[in-house]
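Structure record follows, encoded as structure tokens.
The values are calculated or read from the model by the stated rules, or taken from the named source; none is laboratory data. Because the structure is predicted, anything quoted here is derived from the model rather than measured. Glycine gets a Cβ as well: all are built from the backbone with ideal geometry, and neighbour counts include every protein chain shown. With ligands, DNA and RNA removed, areas are computed over all heavy atoms of the protein, side chains included. Shrake-Rupley method; radii C 1.70, N 1.55, O 1.52, S 1.80 Å.
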Amino acid sequence: MGFYSRHIFPRLLDWSLGNAALAEHRLAALAPLRGHVLEIGFGTGLNLPFFPQRVSRLTAIDSKQMLRRKVAKRIAEARMPVERFELDASGRLPLDNQAFDGVVTTFTLCSIADVQSALDETRRVLKPEGQFVFLEHGRSYDPRVARLQDLFNPIQKVIGCGCNLNRPIDRLIRDSGFEIVKLERYLMPDVPRILGETYRGIARRSDE
């Protein structure tokens, strides 16, 4: 899996998630952001053209770097300054408490090994008035589809280098001390349903 995960999968991911059909979904998901934003799971930088003008600075973090030349070119072309960090083995974000006006994940929560800790860290670095915006695929609300997701998940984790089909994104976010203030559930067009169950929304820290 070493060669596949280092050289083949990043190109497949960039191709599959970089198609024009996803552009409007990225644009809608990122629209509420402003100020200094943290992107968790920067990947190959596919979100960069879709950040609104109100975003003045982007900090990006990943567990590993992919397609270095392509990513460097995208960062160089970005309208706002971009600072990148690589996550160490501790899983703790090397960032101050309440440092960001917004945090974003897109197609990221499916593949983080310790997703609950990652969401706890997201809450820690977000300002009390900040927004966590997300665009993710996950568990279906249809029990029949959810059973299929459970069945195929072990295969998907291998093919997708840790990607899970069946994570209940909204529940995971709420369980980490967030209040979801907006949530849209829909099927991504032209995608198999076990992969296309989409969660797009906005969450805020719940400090009660």
Check your understanding: Taking the range 3-15 on its own, how many of its residues are surrounded by fewer than 13 Cβ atoms within 10 Å (Cβ to Cβ) and either within 26 Å of residue 189 (Cβ to Cβ) or at pLDDT 80 or above (or both)?
Key -> 2
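Where in the range 49-147 are there strands (runs of 3 or more DSSP E), lying fully within it, with 1 or more residues that are surrounded by fewer than 17 Cβ atoms within 10 Å (Cβ to Cβ)?
Those strands (runs of 3 or more DSSP E) span 55-62, 82-86, 126-137.
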Point to revise | Tabulated pairs, the range 68-81, first among the β-branched types (Val, Ile, Thr), second in a helix (DSSP H, G or I), C-beta under 9 angstrom, 6+ apart or interchain | key: 75/48
Check your understanding: Among 132, 85, 152, which is hydrophobic (A, V, I, L, M, F, W, C), in contact with a Ser or Thr (Cβ under 9 Å, 6 or more places away or on another chain) and at pLDDT 95 or above?
Key -> 132
Exercise for review: Could you identify the single residue in 139, 123, 167 that is in contact with a Lys or Arg (Cβ under 9 Å, 6 or more places away or on another chain) and in contact (Cβ under 8 Å) with a residue 60 or more places away in the chain?
Suggested key: 123
Practice item. Could you list, in sequence order, all residues of the range 148-166 that are open to solvent by less than 20 Å² (accessible area, probe 1.4 Å) and not small (Gly, Ala, Ser)? Key: 149, 153, 163, 164, 165
Check your understanding: Using beta carbons and a limit of 7 Å, which pairs, at least six apart or on different chains, have the first residue in the range 8-25 and over 16 Å from residue 41 (Cβ atoms) and the second one open to solvent by 60 Å² or more (accessible area, probe 1.4 Å)?
Key -> 21/189; 21/190
